[in-house]
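What follows is a set of notes on a single structure, which appears directly below.
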Amino acid sequence: MRDPEDFDTFYATTSRRVLAHVAMMVSSRAEAEDSVAEAYLRAWNRWDRISRYENPEAWVRQVAYRHAVSAWRKAVNRISAHRRDTTPGQHVEALSPDHVAIVAALRQLSANQRRVIVLHHIAGLSVAEIHHETGVPAGTVTTWLARGRRTMAAYLTDSETYETGRGRHDV
């Protein structure tokens, strides 16, 4: 059984030292902080067993280091995959102005509105399907769709057309 006081004492006496060690090993305090936090969480979840180890601090330090290395490898793999997808000589279609405008307009929406707009207009899901997938009530989905469309319209419509109903060529 986990003893919270025993773990708290362990954490209080070792966490700064482990963080310093891991930060020096991986050359990034931010990465070390994330990894050490994850290691202590794992230690807490297994504290009944870890507390009996000869050196629980070494276990936490090793787990934190491995977590940091794993995160680094994942980042390197993402970069490598990106480079493979854009090999020299490969023709890459330029983004159309419409695509750029849509992405910029989507960025103006709240996360909820952006999610339902993409699910409805890009993925082609109905309001009922969005409700089923997200668990958001259908009425809320409809509201977010309407608000999202209204917000996007301001960014996607020629401002003169949006405000007056007349485009530049209608003058």
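Quick look at the values:
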quantity: In Å², nearest 10: area of E38 left accessible to a 1.4 Å probe; calculated: 60 Å²
quantity: Nearest 10 degrees, 0 to 90: helix 29-45 Cα axis against the chain principal axis; calculated: 60 degrees
quantity: Low-density loop positions, trypsin sites (Lys or Arg not before Pro), region 97-139 - DSSP coil, at most 15 other Cβ in 10 Å; calculated: R107
quantity: Helix 138-156 axis, angle to the chain major axis (alpha carbon atoms, nearest 10°); calculated: 70 degrees
quantity: The chain - accessible surface per residue (Å², probe 1.4 Å); calculated: 71 Å²
quantity: HN-Hα J in Hz across region 65-76 - Karplus 6.51, -1.76, 1.60, θ = phi - 60°, x for Gly and Pro; calculated: 4, 4, 5, 5, 5, 4, 5, 5, 4, 4, 5, 4
quantity: Portion, in percent, of the accessible area of the chain that falls on carbon or sulfur, probe 1.4 Å; calculated: 52 percent
quantity: Helix 97-106 vs. the chain, principal-axis angle (Cα, 0 to 90°, nearest 10); calculated: 60 degrees
quantity: 222 nm mean residue ellipticity, helices alone, for the chain (DSSP H n ≥ 4; -39,500 (n - 2.57); rounded to 500); calculated: -23500 deg cm²/dmol
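The values are calculated or read from the model by the stated rules, or taken from the named source; none is laboratory data. Since we're looking at a predicted model, the values are computed, not measured. All Cβ positions, even for glycine, are placed from backbone atoms using ideal geometry, and neighbour counts span all protein chains on display. Areas reflect the complete protein model, heavy atoms only, side chains present, ligands, DNA and RNA absent. Shrake-Rupley method; radii C 1.70, N 1.55, O 1.52, S 1.80 Å.
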